[in-house]
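Report on the following structure.
Here, each number is a calculation from the coordinates, and none is a lab measurement. In this text, all values refer to a predicted model and were calculated from it rather than measured experimentally. Here the Cβ is made from the backbone with ideal geometry for all residues, glycine too, and neighbour counts use every protein chain on show.
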Amino acid sequence: MEVIIDGHNLTIEEVVNVSRYYAKVRLSENCKVKIAKCRQAIDKLVKNKEVVYGLTTGFASFKNVAINADQTEQLQKNLIESHSVGVGNYFKEEIVRAAILVRINSLSQGYSGVRVVVVQTLIDMLNKGVYPCVPEKGSVGSSGDLAPLSHLMLVLMGSGEAFYKGKKISGKQAMKKAKISPLTLKSKEGLALNNGTAFMTGIAALATYDSITLAKTADISLALTMEAIEGIIGPFDKRIHEIRPHKGQIASAKNIRKLCEGSKAIKSQENNPRVQDSYSIRCSPQVHGASRDVLTYVKGVVETELNSTTDNPLIFGEQALSGGNFHGEPIAIAMDCLAIAMAEIGSVAERRISKMVDSSSSNGLPLFLIEKEKGGLNSGFMMPQYTAAALVSENKVLAHPASVDSIPTSANQEDHVSMGTIAARKVREIIGNITYVLSIELINSSQGIDLRPEGRRNMSPINNFAHKIIRSHVKHYDLDRPHYPDINKIFEVIHSRELLNKIENEFGNLD
């Protein structure tokens with residue numbers, strides 16, 4: 001598996017392949033030419049003593065301080081070292097790898113002025129498994145991810161700290177063990193390396209990928225709940241959704257019809273004394289669909305940002321232009337929107353979980369999904385709903401937007417910032433919580449199906465297949481036992497796309 005960098009066609013799937021599955025990276029020959037040509041322009045600007053921000057001047061509010069040609073290397077080194085101010089836990093390896101890849105793609109477009117060797121060194125760090133230690137906290141999202149990118153680039157310079165083959169060592173040792181030569185940064189290079197949106201965009205790419213997984217998995221989970229409670233299929237009728245033609249809503253309803261086709265447990269509305277199910281069932285296409293529509297918007301923003309140049313100044317021919325492409329607002333707003341959208345998928349799923357464990361609303365299932373004669377001595381599925389409720393409540397706090405909160409920095413030179421990295425980090429937490437909630441729903445619905453006298457025999461072919469996958473990892477709950485190992489197992493089944501991939505490979509893609 002290899003990802004070829006051309007600056008313009010990096011996909012979310014390629015970010016996942018590199019960051020999680022260690023796909024190798026290679027720089028295209030065309031990019032090498034563009035990078036080298038831009039570097040020549042930088043050298044000429046410095047030689048001619050042109051006044052260019054970050055090349056022959058200081059940074060931020062020191063923009064009016066002139067820097068001599070013989071000080072340019074020290075300027076770049078000082079920039080990276082002084083901006084390495086991150087705190088807190090380290091970013092996970094997959095996030096750091098994603099950020100490196102995003103930075104490589106941005107620099108490869110040939111507007112940043114770095115040397116080819118700088119980009120190649122970053123590629124070598126990816127391909128040889130050098131994982132810089134980068135604290136999670138300290139970025140306000142403008143000028144980009146200054147603090148986390150600086151920590152990352154310390155290692156490129158042979159400084160800082162890194163993990164190599166699972167062991168935390170100095171950046172110098174890690175580069176030596178990986179047989180990568182550290183670099184002395186030249187004019188403009190430090191600024192090009194730490195001035196951009198690579199971390200927030202890398203996190204956003206992974207979050208978008210996982211959200212697509214969860215959007216489809218939520219439909220699968222709903223379909224199994226329909227089997228467990230003998231839900232009514234009428235609200236998913238194509239005609240209903242065609243006259244309110246939101247694309248996500250139509251897609252979700254279509255998925256439910258496909259998943260439930262052939263079920264004898266799922267009822268029609270005709271001559272049904274229940275008439276209709278509660279909103280958490282009946283309105284799920286509208287809820288899931290609205291989240292899907294937000295996800296479509298977010299995916300477009302992330303794909304655009306993956307293939308953008310986001311540092312400053314930018315070099316066009318022999319002219320250096322200062323601008324604001326480092327500002328993280330596009331990603332910040334997109335991640336805040338995604339946070340709200342995904343939190344709602346978890347919220348409605350928790351209501352379905354609650355419905356299944358309540359014998360007054362589960363259409364004949366025993367209280368807490370444990371056989372009546374065993375209830376009391378055994379608590380059954382009483383407590384997993386508590387966990388789902390806690391996770392959904394936590395998501396309500398995490399869904400509060402970060403992008404509307406700007407605190408001026410750099411003596412008011414940088415007087416509006418995006419908080420985009422905070423927004424992206426929050427989404428990642430929300431996605432993890434939702435994955436647990438859907439895990440609980442899948443386990444609950446599988447238990448409910450087992451408790452029906454004709455449970456498995458009445459299921460649709462696809463839902464039966466999905467039930468078998470769950471049961472291959474988690475056995476039926478007969479007597480009380482700890483729930484957390486089961487929840488954690490199904491979390492991985494969802495996160496790894498095992499459930500989704502097996503269903504789609506067997507029955508065709510879901511919308």
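Expressed in units of 2.2 N^0.38 Å, where N is the residue count, the Cα radius of gyration of segment 79-143 is 1.18. Residues MET125, MET382, MET153 in ascending order of nearby Cβ atoms (within 10 Å, fewest first): MET382, MET125, MET153. In terms of the mean number of neighbouring beta-carbon atoms within 10 Å, the peptides 298-309, 218-229 order highest first as 218-229, 298-309. With R₀ fixed at 35 Å, the C-beta to C-beta distance from MET382 to GLN276 puts the FRET efficiency at about 0.80. Each residue of segment 230-285 gets 80 Å³ once the volume of the Cα convex hull is shared out per residue.
For segment 389-484, the relative contact order works out to 22 percent when only alpha carbon pairs closer than 8 Å and six or more residues apart are counted.
According to the square roots a ≥ b ≥ c of the eigenvalues of the Cα gyration tensor, what is the shape class of segment 367-407, taking rounded for a/c under 1.5, prolate for a/b larger than b/c otherwise, and oblate for the remainder?
Since a/c reaches 1.5 and a/b is larger than b/c, the shape of segment 367-407 is classed as prolate.
Label point of THR184 set 7 angstrom out along Cα-Cβ; within segment 26-50, amide nitrogens under 18 Å from it belong to 43, 47. As a rough footprinting exposure proxy, the listed residues GLU350, GLU261, GLU506 were ranked by other beta carbons within 10 Å of their own, and the order from fewest upward is GLU506, GLU261, GLU350. Placing +1 on the Cβ of every Lys and Arg and -1 on the Cβ of every Asp and Glu, with no other charges, gives segment 83-169 a dipole of roughly 200 debye about its Cα centre. Restricting to DSSP H runs of at least four residues, report the calculated mean residue ellipticity at 222 nm for the chain, -39500 (n - 2.57) per run over all residues, nearest 500 deg cm²/dmol. That calculation yields -18000 deg cm²/dmol at 222 nm. Considering only the Cα atoms of segment 337-440, their convex hull presents on average a projected area of 7.8 nm². On the principal axes of its alpha carbon atoms, segment 124-272 extends 78, 32, 23 Å, with the longest extent given first. When LEU101, LEU479, LEU499, LEU75 are sorted by how many other C-beta atoms sit within 10 angstrom of their C-beta, beginning with the fewest, the order is LEU479, LEU75, LEU499, LEU101. Values of log10 I(q)/I(0) for segment 143-195 across q = 0.15, 0.16, 0.24, 0.26 Å⁻¹ run -0.41, -0.47, -0.88, -0.96, by the Debye formula with one identical scatterer at each alpha carbon and no solvent.
In segment 2-196, Cα pairs under 8 Å separated by at least six residues give a relative contact order of 26 percent.
The residue among VAL87, ASN444, SER106 whose Cα reaches farthest toward the positive pole of the charge dipole of the chain, with charges on the beta-carbon of Lys, Arg, Asp and Glu, is SER106.
Rounded to a whole number of µm²/s, how large is the Stokes-Einstein D of segment 2-196 at 37 °C and 0.692 mPa s, given Rh as the Kirkwood radius over C-alpha pairs?
D = 195 µm²/s.
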